[in-house]
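Only one structure is covered here, and it is reproduced in the block below.
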Amino acid sequence: MSEFWFELWIAFCLVLVIEGIVPFLYPQRWRSMVSQLALVNDKTLRIFGLVSMLLGTLLLVLTR
């Protein structure tokens, strides 16, 4: 079980690195995108989150 948590920690760290690329390279565009995202309704955000989770899970299954 220790190896699982180690790999999960690595994945979390990589998510932080990837998420930080856009605000680092394009701070104005990122701010604009976040302000537009605040206008999207909750249902659309939930659907996007669900699709993102399902796609991520599918890609993990396919690569393992």
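The values are calculated or read from the model by the stated rules, or taken from the named source; none is laboratory data. Note that the structure is a prediction, hence the values are computed from the model and not measured. Cβ atoms come from the backbone with ideal geometry, glycine included; neighbour counts cover every protein chain shown. To get the accessible areas, we keep the full protein, side chains included, count just its heavy atoms, and leave off ligands, DNA and RNA. Shrake-Rupley method; radii C 1.70, N 1.55, O 1.52, S 1.80 Å.
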Checklist line | residue 4, sole failed condition from (1) surrounded by 10 or more Cβ atoms within 10 Å (Cβ to Cβ); (2) over 12 Å from the mean Cα position of the chain (by Cα); (3) at pLDDT below 95 | finding: (1)
Check: What are the residue pairs meeting all of these: first residue in region 27-43, first residue surrounded by 11 or more Cβ atoms within 10 Å (Cβ to Cβ), second residue part of a helix (DSSP H, G or I), Cβ atoms under 7 Å, and 6 or more apart or on different chains?
Finding: 30/22; 30/23
Item checked: Scan of region 7-43 for residues that are closer than 17 Å to residue 60 by Cβ and aromatic (Phe, Trp, Tyr), ordered by number -> 9, 12
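Residue by residue, here is whether (1) over 14 Å from the mean Cα position of the chain (by Cα); (2) in a helix (DSSP H, G or I); (3) on the phi > 0 side of the Ramachandran plot holds:
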| residue | (1), (2), (3) |
| --- | --- |
| 20 | no, yes, no |
| 36 | yes, yes, no |
| 40 | yes, no, no |
| 48 | no, yes, no |
| 54 | no, yes, no |
| 57 | no, yes, no |
Next item on the list: Evaluate the following for residue 21: is it open to solvent by 90 Å² or more (accessible area, probe 1.4 Å), among the β-branched types (Val, Ile, Thr) and at pLDDT 95 or above?
Entry: no
